[in-house]
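Peer 1: Sharing a structure below in structure tokens format, with a few things to ask.
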């Protein structure tokens, strides 16, 4: 088992022992001397959880010296600047406006209408011209997670 998998297992075990089954690992980014761990929750993630996960991972890394003596460890929520990756994140964000990038680089914007373990539903308004008239139709499009390149939450001010 590689270091990344070990760290994910340790964090998942911590969530289990801390009775935080609502929490999950979204992504782990490993660079030469830097480790970024993105965690989320079905409700809301707070600084206290991030701090505790950081301590657990730091103890593991310091004990085994897998990253050497000098490394940077960052534990945070994914925030709005990172794409949605897991079905649990999609379910948590139902009702929000999103932009979906498809494999052919086509971008679609709409509302995240619903999400299941295998797919999500994008609600948008289709617009086209028929003669001189502009026509619209409300559409709810199912998309499999595997059929998308990136899904971002749209930030509204």
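Peer 1: First measure r as the distance between the Cβ atoms of residue 21 and residue 125, then evaluate 1/(1 + (r/R0)^6) with R0 = 41 Å and state the FRET efficiency to the nearest 0.05.
Peer 2: E between residue 21 and residue 125, to the nearest 0.05, is 0.60.
Peer 1: Along each of its three principal axes, how wide is the spread of alpha-carbon positions in the stretch 77-130, in whole angstrom units, largest first?
Peer 2: Principal extents (largest minus smallest coordinate, Cα): 45, 21, 19 Å.
Peer 1: Report the extension gain between residue 113 and residue 29 in nm, rounded to one decimal, defined as 0.36 nm multiplied by the number of residues separating them, less their alpha carbon distance.
Peer 2: Computed gain between residue 113 and residue 29 is 27.3 nm.
Peer 1: Under the rule of -39500 (n - 2.57) per DSSP H run of 4 or more residues, summed and divided by the residues of the chain, what mean residue ellipticity at 222 nm is obtained, to the nearest 500 deg cm²/dmol?
Peer 2: Roughly -8000 deg cm²/dmol at 222 nm, from the helical runs in the chain.
Peer 1: Mean separation of Cα pairs under 8 Å and 6+ residues apart, divided by the residue count of the chain: what relative contact order is that in percent?
Peer 2: Across the chain, relative contact order equals 17 percent.
Peer 1: Then there's this: On a 0 to 90° scale, report how tilted helix 47-64 is relative to the longest principal axis of the chain, with both axes built from alpha carbons and the result rounded to the nearest 10.
Peer 2: Roughly 50 degrees between the two axes.
Peer 1: Any idea what the alpha-carbon Rg over 2.2 N^0.38 Å comes to for the chain?
Peer 2: Against the compact-globule rule of thumb, the ratio is 1.30.
Peer 1: Using Cβ contacts closer than 10 Å as the measure, can you line up 101, 125 from fewest to most?
Peer 2: 125, 101
Peer 1: Semi-axes, largest first, in whole Å: what does sqrt of 5 times each Cα gyration tensor eigenvalue give for the stretch 104-157?
Peer 2: Equivalent ellipsoid of the stretch 104-157: 24, 13, 12 Å, largest first.
Peer 1: Another one. Looking at the chain as a GNM with Cα springs under 10 Å, which of 35, 122, 17 has the largest mean-square fluctuation?
Peer 2: Sorting by GNM fluctuation, first place goes to 17.
Since every read-out is calculated from the coordinates, none of them should be taken as a lab result. Note that this is a predicted model, so its numbers are computed, not measured. Here the Cβ is made from the backbone with ideal geometry for all residues, glycine too, and neighbour counts use every protein chain on show.
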